[in-house]
Amino acid sequence: MATDLDQLSINTIRTLSMDAVQAANSGHPGTPMGLAPVAYGIWQWNLRYDPDAPLWPNRDRFVLSNGHASMLLYSMLHLVGIKDVDGNHPRQERDGLAVSLDDIKHFRQLGSRTPGHPEYRLTAGVESTTGPLGQGVATSVGMAAAGRWLAARFNRPGFDLFDYRVYVLCSDGDLMEGVGSEAASLAGHLRLPNLCWIYDNNRVSLAGPTEVTFSEDVAARFRAYGWNVAHVADANDLEALQRAFETFQRTTDRPTLIVVDSHIGYGAPTKQDTFRAHGEPLGEDEVRAAKRAYGWPEDAHFLVPDGVYEHFQAGVGARGRELRAAWDTKFQDYHAEFPELTEQLDDIIGGTLPDGWDRDLPSFPADAKGIATRDSAGAVLNALAKNVPWLLGGSADLDPSTKTFLAEAGDFAADNPGGRNVHFGVREHGMSAFVNGLAVSKLRPYGATFLIFSDYAKPAIRLSALMEIPSTFIFTHDSIGLGEDGPTHQPIEQLASLRAVPGLVTIRPADANEAVEAWRVIMQLRDRPAVLVLTRQAVPTFDRSVYASATGLARGAYVLAEADGGEPEVLLLATGSEVQLCVTAYEQLKNEGIRARVVSMPSWELFEEQDQAYRDAVLPPGIAARVSVEQAATMGWDRYVGPRGQMIGMRSFGASAPIKDLLPHFGFTPEHVVTVAKAVIARAQ
Ligand SMILES: Cc1ncc(C[n+]2csc(CCOP(=O)(O)OP(=O)(O)O)c2C)c(N)n1
């Protein structure tokens, strides 16, 4: 039965949200007002969460996928009293700070912990960055899958270490977005029973009523996906809500969608049920009137009535503390019985790699015919997977092409949740967000597809960089070199776009040994995602006794082949499959007595992070004759090539033809590199 304290707490959530938006003169008040009882019911009566230990590994997760309603989350985090997160962020002291009342008063202000949309690792208790609609729900599928995986791997009779659930609030926008559909389809297929989406069916979106845009039967759609669907006809009916949550908790064979009919701007006399309650402050008069409707003192701002904090402590706080303490004891006993598994868990929780993680990394002998980097990288991935049991992932229906299947690691499936090969199906958007969900769950995940379809993965890649998590995205078929599939499949502008993402490390190895070093770098990243860009076609494995060691990759760019007998006359810069063109051109130039230097530049980002002395040593400022070679848009290369150099790149979408015809057609031959090199040398003099 709902008590006065329940109602008081719910209205506190509402009024804090309204006041914060009003003070900021910006934000989204209506959804927190409508959903306050739902958030309250989840946290106070269901969530297994210790406010003192926001990183407790078996905590239930709460994700606000409709991130615009951030004040709903901040109000909850504040009232529940979630403490600072002492995480293991390599570059920051803390992994998220508690939300004080003062932070709520500084909603959306510079440097606050209460930004416009919730940001992972900034605010304690935020499980995932949300705001781009659809991403939160899609990420939650990976979080739920991680829970299932951890349970399968680590639970033992009498030791249910992992049985956490993932609760997700979402809105019309989340379910209109395609990524939401991909994610729901996949979650239904995987029959994830620990996943619950609560759909805010308020019939209003940003620009108007949803009858203008969204008329499908959502419940029927989710049933067809294989979900369990419950309906709550009134968001204020706490008992009906609780029955629905209990239905979810009892369901063991599929995910649950709870459709909750709610009123956006609940209690606001002129704005309730209209889009005007969605994304702008209500206005002082409307706020006062809404407070009146709640029986709230109209002149009070940021009021937390007596007893409300204590009420949350007695509810979610007491339950969470008890559960966590019991778990800690259990984990100690587990340690005694299963020391090896405990060691693995310690690494997972701490974000560290196990001893010997790189001991099976291969080394590839020189080979003129060579091997595609998708193949060499696939071999490296499998060598790593042997020693890092929580390295897992898959592709969007492209395993035979991306070479990302893990041998003898089993398939992740409803009836085998401990498997490590995730079959994402043709769902790149969903896959990439799922990968982020695994990463925020501390596993080491990857997702793979063709580089051209990185565009379909991009929103999640961007969020992984913003969240500072070590997701790895593997993109093969990385250039026009893929041949006959033609311009629809030939990536042109994708590299430039990936290189523009702050924090993301993009690596395009030139040969098999650079692929080894690329993975060595990627595995050691703890707080940033990586993109690994690989060829479909074979590339020669360079003779490293003649050319420099591939370990130079770790510095982003390195001198692969040095000019003999004095300062280079020309610098040849390239990545990936084009490095071989520069090496052949270098040999030809050498035969003609021209001093060239080949710089392999697999990762611009890593190179930019080197000190000036190293960068100047690789690219001496005094040498203006420079040529870049990359089968992609040239955007960005001008930074390295300078005003007197020349870029050999792509200015069209490519063409459908065998690679042997494409390369000369677009100027990717050693002869063309030689010609251009001579021209820039002449120009530079
Ligand atoms: C991918 C994406 N597109 C557009 C937006 C801008 N936007 C924010 S909320 C919203 C729609 C709001 O409607 P709904 O999802 O029903 O949320 P409610 O108003 O009910 O809270 C839009 C279009 C966004 N945040 N993300």
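The values are calculated or read from the model by the stated rules, or taken from the named source; none is laboratory data. Everything numeric in this text was worked out from a predicted model, so none of it was measured. Here the Cβ positions follow ideal geometry from the backbone for every residue, glycine too, while neighbour counts run over all protein chains shown.
Details
- Subset tally (residues that are within 35 Å of the chain's Cα centre (by Cα) and touching a residue at least 60 places away in the same chain (Cβ under 8 Å)) for region 541-554: 2
- As for region 293-310, it holds no residue that is outside any helix (DSSP H, G or I), closer than 19 Å to Leu5 by Cα, within 16 Å of the ligand (Cβ to nearest atom) and touching a residue at least 60 places away in the same chain (Cβ under 8 Å).
- When every residue of region 282-292 is checked against the conditions, at least one turns out to be in contact (Cβ under 8 Å) with a residue 60 or more places away in the chain, farther than 22 Å from Pro54 by Cα and within 16 Å of the ligand (Cβ to nearest atom).
- For region 191-205, the set of residues classified as surrounded by 24 or more Cβ atoms within 10 Å (Cβ to Cβ) and more than 16 Å from the ligand (Cβ to nearest atom) consists of Leu192, Asn194, Leu195, Cys196, listed by residue number.
- Checking each residue in region 206-219 for being of a type in the set (S, T, N, Q) and either surrounded by 16 or more Cβ atoms within 10 Å (Cβ to Cβ) or free of Cβ contacts under 8 Å to residues at least 12 places away in the same chain (or both) picks out Thr210, Ser215.
- Within region 514-540, tally of residues that are among the polar types (S, T, N, Q) and surrounded by fewer than 24 Cβ atoms within 10 Å (Cβ to Cβ): 2
- From the list Arg526, Arg508, Arg536, the one residue that fits, being touching a residue at least 40 places away in the same chain (Cβ under 8 Å) and within 30 Å of Asp95 (Cβ to Cβ), is Arg526.
- Elements of type helices (runs of 4 or more DSSP H) contained in region 1-99, each with 2 or more residues being aliphatic (A, V, I, L, M) and touching a Lys or Arg at 6+ places or on another chain (Cβ under 8 Å): 4-24, 30-45
- Selection of helices (runs of 4 or more DSSP H) fully inside region 598-685 by the criterion of at least 3 residues being crowded, with 17+ Cβ neighbours inside 10 Å returns 604-608, 670-684.
- Consider region 171-185 and keep the residues that are surrounded by 24 or more Cβ atoms within 10 Å (Cβ to Cβ) and part of a helix (DSSP H, G or I). The one that is nearest to the ligand (Cβ to nearest atom) is Asp174.
- First in region 666-679 and touching a residue at least 12 places away in the same chain (Cβ under 8 Å), second anywhere and acidic (Asp, Glu), Cβ under 9 Å, 6 or more apart: Phe668/Glu578; Pro670/Glu587; Val673/Glu578; Val674/Glu592; Ala677/Glu569; Lys678/Glu592
- Filtering region 126-133 for residues that are away from the ligand (no atom under 16 Å from the Cβ) and either assigned to a helix (DSSP H, G or I) or aromatic (Phe, Trp, Tyr) (or both) leaves an empty set.
- Flag if Val63 is surrounded by 23 or more Cβ atoms within 10 Å (Cβ to Cβ), touching a Gly at 6+ places or on another chain (Cβ under 6 Å) and modelled with pLDDT of 95 or more: yes
- Qualifying residue in region 221-233 (condition: on the phi > 0 side of the Ramachandran plot and within 16 Å of the ligand (Cβ to nearest atom)): no
- When the residues of region 31-52 are filtered to those that are touching an Asp or Glu at 6+ places or on another chain (Cβ under 9 Å) and farther than 18 Å from Ala240 by Cα, the one that is farthest from the ligand (Cβ to nearest atom) is Asp50.
- Ile461 meets all of the listed conditions (1) among the β-branched types (Val, Ile, Thr); (2) out of contact with any Pro (no Cβ under 9 Å at 6 or more places or on another chain); (3) within 16 Å of the ligand (Cβ to nearest atom) but one, namely (2).
- Val137 touching a residue at least 24 places away in the same chain (Cβ under 8 Å), closer than 20 Å to Pro32 by Cα, outside any helix (DSSP H, G or I) and within 17 Å of the chain's Cα centre (by Cα): no
- Arg108 meets each of the listed conditions (1) closer than 26 Å to Tyr309 by Cβ; (2) within 16 Å of the ligand (Cβ to nearest atom); (3) in contact with a Cys (Cβ under 8 Å, 6 or more places away or on another chain) apart from (3).
Here is a yes/no grid of residues against (1) outside any helix (DSSP H, G or I); (2) near the ligand (Cβ under 10 Å from one of its atoms); (3) of a type in the set (Asp, Glu):
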position	(1), (2), (3)
Pro118	yes, no, no
Arg121	yes, no, no
Ala145	no, no, no
Trp149	no, no, no
Asp163	yes, no, yes
